[in-house]
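Asks: After the C-alpha cells below, expect a handful of questions from me.
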Amino acid sequence: MVCFLKLMIIFDSPPCLLVLLPAVQPSVLSAHIGARFLPTDGSGLLVLTGAEAAKGSTPGMLGYGLAKAAVHQLAAGLADGDGGLPSGTSVNA
C-alpha cells in the first residue's frame, strides 16, 4: 500500500485513488470467490467489468485507464492455466 500511495503522490491526482480502488477491488474479490466456488467440471465462467479504455491511453482520466488496465491484466492472468481458477473456467473482461 505504501508503494501505491507513493505512485499517487507522483501523479498528484488524489481522485485517481477514488476511481482505482472501487474498480479493482470487486474484480479481485470476484476472482477470490470464483477460485473457491466455481465448478471444477470446466463449466465455470467469470466475467469482470473491463473497458475499451484499457487498450489505449486515457489522458485526463489516469485513474480510470489504470483501473481498467488492471482488471484486464487480472482477467488475463486468471485465464492462464495456472491462474488459480478451476481448470476449464472461462474468464472474460
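Asks: Regarding segment 61-81, can at least one residue be identified that is under 20 Å from V24 (Cβ atoms), in a loop (DSSP other than H, G, I, E, B), small (G, A, S) and at pLDDT below 90? Don't jump to the end; show me each part of the working.
Replies: Taking segment 61-81 and keeping what is under 20 Å from V24 (Cβ atoms), we get 61-80.
Subsequent filtering for residues that are in a loop (DSSP other than H, G, I, E, B) retains 61, 80.
Narrowing further to those that are small (G, A, S): none.
Within segment 61-81, not a single residue is under 20 Å from V24 (Cβ atoms), in a loop (DSSP other than H, G, I, E, B), small (G, A, S) and at pLDDT below 90.
Asks: Output the number of residues of segment 45-93 satisfying the condition of being among the β-branched types (V, I, T), more than 10 Å from the chain's Cα centre (by Cα) and open to solvent by less than 80 Å² (accessible area, probe 1.4 Å).
Replies: The number of residues fulfilling the criteria is 3.
Asks: Still on this structure: Whether any residue in segment 26-40 is part of a loop (DSSP other than H, G, I, E, B), at negative phi and touching a Ser or Thr at 6+ places or on another chain (Cβ under 8 Å) is what I want to check. Before the answer, list the steps.
Replies: Looking only at segment 26-40, we keep the residues that are part of a loop (DSSP other than H, G, I, E, B), and these are 38-40.
Subset that is at negative phi: 38-40.
Restricting the remaining residues to those that are touching a Ser or Thr at 6+ places or on another chain (Cβ under 8 Å) gives 38, 40.
Checked against the condition, which is being part of a loop (DSSP other than H, G, I, E, B), at negative phi and touching a Ser or Thr at 6+ places or on another chain (Cβ under 8 Å), segment 26-40 yields at least one hit.
Asks: Name the residues in segment 46-70 that are in contact (Cβ under 8 Å) with a residue 40 or more places away in the chain and basic (K, R), would you?
Replies: If the condition is that a residue be in contact (Cβ under 8 Å) with a residue 40 or more places away in the chain and basic (K, R), then K68 is the only one that fits.
The values are calculated or read from the model by the stated rules, or taken from the named source; none is laboratory data. As the structure is a prediction and not an experimental result, all values here were calculated from the model. Cβ: placed from backbone, ideal geometry, glycine included. Neighbour counts: every protein chain shown. These area figures cover heavy atoms from the full protein model, side chains too; ligands, DNA and RNA do not enter into them. Shrake-Rupley method; radii C 1.70, N 1.55, O 1.52, S 1.80 Å.
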